[in-house]
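A.B. asks: Dumping the structure here so I can ask a few things about it.
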Amino acid sequence: MIIRKYTKSSSFYLGTKAGFFERNESNLKESLKENELYSKQPKREMCKICSSRLPGDEDFQSHNVSYVFCTDCGHLNGVFEDTIEFVDKIYMEDSGAEYAKNYLDEDFLNRVSDIYAPKVDFLLSVVPDGNCEILDVGCGAGHFVLASLMAKQQASGIDVSDVMVNFGNQQILSHQGCAPLQKVKEDGFFEEVTKTGADVVSAIGVIEHLRQPHKLFEAFKESKAKYLYYSVPMFSLSVVCENVFKNVFPRQLSGGHTHLFTEKSISRMHELIGVRPVGEWRFGTDFMDLYRHLNIYLRANNVSQKMLDYFHAGFATKIDDLQAALDKNHFCSEIHVVAVKD
């Protein structure tokens, strides 16, 4: 039996992502710059997930990059390879400092309690006895690790970014008296998964950023871990909005998000890893993204504040209700899955 959960409040989005409204122009410029670099890489021939040969015809373009659905597993692929050059530029410039600025803030504890504690709660609601040891891969600054420790779980994390790991260890040390994050090189990343003694390997917002996700799949299969807990971005209404509103910063297909999952490609990934889902939590920011796109376009059209207020009252106050319909229809921007080895 699969435990299914739907929807979460959009209030966290307004608190942590307010800059998407305020800094649209600069964010858009940066995104187009990253897409330009991505477009200079060699063409992708094989699907990122199932390795089937991709069809030659593109399905759509978004912000100067073409995308194609795999005819075998349904995965949405950017048509270029995410090469070492591209990945290093996105994530590792200045030892990861440039990428890290999106996640390092003074509100560390609030981010842990508002965003990551519910993720831990969901995991513990699925795992028998609600008790486990966790290895968090791509842990970043350790928000999920700290949330796990605060929930009385054993937890440690690995990441390739010096900046993130150092910052995270400082934060966790001050709250829990330990420094459970470890900096590893890319090759060592997968080796740590293979040799872990943890019950759970978590990869929250990580798989979509991996240059070679199959290495993680194989490492998990070889490990003693029983559960894989992950979240990934999905093809959803947000992508449709980004395709229509060209002058708004894209958050679903942008930067390191060169590919997106579909229900079908998630099923194929489970087959490749040798797991079956026992818990699924679907929620998204699709209607918040639609609100953001429309709001930015209205402001560009110099509408009055009164019109914006009417729009907010009639639309923004019902975003959670609207989003719930998409979540339950499995057409939302994100999914969390707890999967167990067969």
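What follows is calculated from the coordinates using simple rules that are stated; it is not laboratory data. Keep in mind that this is a model prediction, so the values were computed, not measured. All Cβ positions, even for glycine, are placed from backbone atoms using ideal geometry, and neighbour counts span all protein chains on display.
A.B. asks: Computed on alpha carbon atoms, what radius of gyration and Dmax characterise the stretch 279-342, expressed in Å?
C.D. replies: Computed over the Cα atoms of the stretch 279-342, radius of gyration and Dmax are 16.0, 58 Å.
A.B. asks: Need the full-extension length gain, residue 121 to residue 187, defined as separation in residues times 0.36 nm minus the C-alpha distance. One decimal, nm.
C.D. replies: 20.7 nm
A.B. asks: So how long is each side of the chain along the principal axes, counting just the alpha-carbon atoms, biggest first, in Å?
C.D. replies: Largest first, the chain extends 58, 46, 45 Å along its Cα principal axes.
A.B. asks: For the stretch 148-234, what number results from the quotient of the Cα radius of gyration and 2.2 N^0.38 Å?
C.D. replies: Dividing the Cα radius of gyration by 2.2 N^0.38 Å gives 1.10.
A.B. asks: Also: If you place +1 on the Cβ of every Lys and Arg and -1 on the Cβ of every Asp and Glu, how big does the dipole about the Cα centre of the stretch 3-341 come out, in debye to the nearest 20?
C.D. replies: Using Cβ point charges on Lys, Arg, Asp and Glu, the stretch 3-341 gives about 600 debye.
A.B. asks: Still on this structure, please answer the following. I need 315, 249 ordered by Cβ neighbour count within 10 Å, fewest first.
C.D. replies: 315, 249
A.B. asks: Further, regarding this structure: Test of understanding: in a Gaussian network model of the chain with alpha carbons linked when under 10 Å, which of 304, 66, 236 would top the mean-square fluctuation ranking?
C.D. replies: Maximum among the listed residues: 304.
A.B. asks: So which aspartates and glutamates can residue 226 reach, going by Cα to Cα under 13 Å and dropping same-chain residues fewer than 8 places off?
C.D. replies: Here the aspartates and glutamates satisfying the reach criterion relative to residue 226 are 133, 199, 342.
A.B. asks: Residue farthest toward the positive end of the dipole of the stretch 153-234, with Cβ of Lys/Arg at +1 and Asp/Glu at -1: which of 233, 177, 196?
C.D. replies: Result: 196.
A.B. asks: Roughly what would the spin-label model give for residue 174 and residue 71, points 7 Å off Cα along C-beta, in nm?
C.D. replies: A separation of 5.6 nm, rounded to one decimal place.
A.B. asks: Let me ask something additional. Any chance you could check the Cα centroid distance between the stretch 306-342 and the stretch 129-197 for me, in angstrom?
C.D. replies: 30 Å
A.B. asks: Rank 151, 198, 117 by mean-square fluctuation in a GNM of the chain with C-alpha springs under 10 angstrom and give only the top-ranked residue.
C.D. replies: Comparing 151, 198, 117 in a Gaussian network model of the chain, the most mobile one is 151.
A.B. asks: Contact order normalised by length for the stretch 3-341, with contacts defined as Cα pairs under 8 Å and 6 or more residues apart; what percent is it?
C.D. replies: 21 percent
A.B. asks: Another one. Out of the stretch 158-201, which trypsin sites (Lys or Arg not before Pro) are coil in DSSP terms and have no more than 13 other C-beta atoms within 10 Å?
C.D. replies: The qualifying sites are 185.
A.B. asks: Given a Förster distance of 25 angstrom, what is the FRET efficiency for residue 21 paired with residue 317, based on the Cβ-Cβ distance and rounded to 0.05?
C.D. replies: 0.90
A.B. asks: If you take every DSSP beta bridge whose two residues both sit in the stretch 3-341, what share of them, in percent to the nearest 5, is antiparallel?
C.D. replies: 55 percent
A.B. asks: Sticking with this structure for a sec: Filter 33/328; 89/215; 152/195 down to the pairs with a C-alpha to C-alpha distance above 26 Å, please.
C.D. replies: In this structure, 33/328 exceed 26 Å between Cα atoms.
A.B. asks: Residue 302 versus residue 1, label points 7 Å from Cα toward the beta carbon: distance in nm?
C.D. replies: 6.1 nm
A.B. asks: Which of 245, 287 has the fewest other C-beta atoms within 10 Å, and how do the rest follow up to the most?
C.D. replies: By the 10 Å Cβ count, ascending: 245, 287.
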